[in-house]
Amino acid sequence: MQKEQIIEIIAKRVAKEFKDGDLVNLGIGMPTQVSNYIPEGINIYLQSENGMLKMGPTPKKEQENSRITTAGGAPSSILEGGMFFDSAFSFSLIRGGFVDITVLGALEVDSEGNLANWIIPGKLVPGMGGAMDLVNGVKKVIIMMEHTDKYGKSKLKKQCTLPLTGARCVDLLVTELGIFSFKEGKCKLMELQPNVSLEEIKSKTEADFEICLN
């Protein structure tokens, strides 16, 4: 499966978690794609931590405005009634508990809901960014990531091997294979993605998990 297809599958499923009136923060990278799949009839407020509220979908090439970008610098758009503000106000929303959901990417998630998403030791990175604030200040943390890395190894681990962003902070994990929930340090498989078998998930998942399929 092509990477673009994987991202589309994950982003569409994440967008189904939103309900009318939610204030939702989208992290950099893969999470920004969720803005392209908001269900019709759902009125939500997408926030970007660089200072934008009512962020819209990714614009077409000819409609890009270099002054409207995501926190990662990718082209974005703003919907009617949207607003721009400084980082201080943006993080006041986050730290003050006003954001209902954050959607973040990840390098690793483990069976207890620990999250590692900011650094691979030895690689140069600008810093943790806003993820540390988001996993502590937002009501619900949704992680979207590919189920395995480029070597085919599970990114849903028994225990994270990379430096943590937050401990037991993940509420929901969505991959191209399944949807997992985390509560009280336990991982539960809640749903299979279309055309995915339980056997496939078991074979590609390092973490222990309970099966709670409806």
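Every read-out reported here was derived from the displayed coordinates using simple, explicitly stated rules and does not represent laboratory data. Please read all numbers here as calculations on a predicted model, not as lab measurements. Quick reminder, even Gly has a Cβ in these numbers, built from the backbone with ideal geometry, and neighbours come from all protein chains shown.
Residue-by-condition table, conditions (1) over 20 Å from residue 29 (Cβ atoms); (2) of a type in the set (A, V, I, L, M, F, W, C); (3) surrounded by 19 or more Cβ atoms within 10 Å (Cβ to Cβ):
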{"site": "73", "(1), (2), (3)": "no, no, no"}
{"site": "83", "(1), (2), (3)": "yes, yes, no"}
{"site": "89", "(1), (2), (3)": "yes, yes, no"}
{"site": "95", "(1), (2), (3)": "yes, no, no"}
{"site": "104", "(1), (2), (3)": "no, yes, yes"}
{"site": "115", "(1), (2), (3)": "no, yes, yes"}
{"site": "125", "(1), (2), (3)": "no, yes, no"}
Discussion item. Give me the residue from segment 8-49 that is under 13 Å from residue 76 (Cβ atoms) and hydrophobic (A, V, I, L, M, F, W, C) and, out of that set, surrounded by the fewest Cβ atoms within 10 Å (Cβ to Cβ).
Written reply: 28
Practice prompt. Working only within segment 152-169, note down all residues that are under 21 Å from residue 101 (Cβ atoms) and either touching a helix residue (DSSP H, G or I) at 6+ places or on another chain (Cβ under 8 Å) or in a strand (DSSP E or B) (or both).
Written response: 156, 165, 166, 169
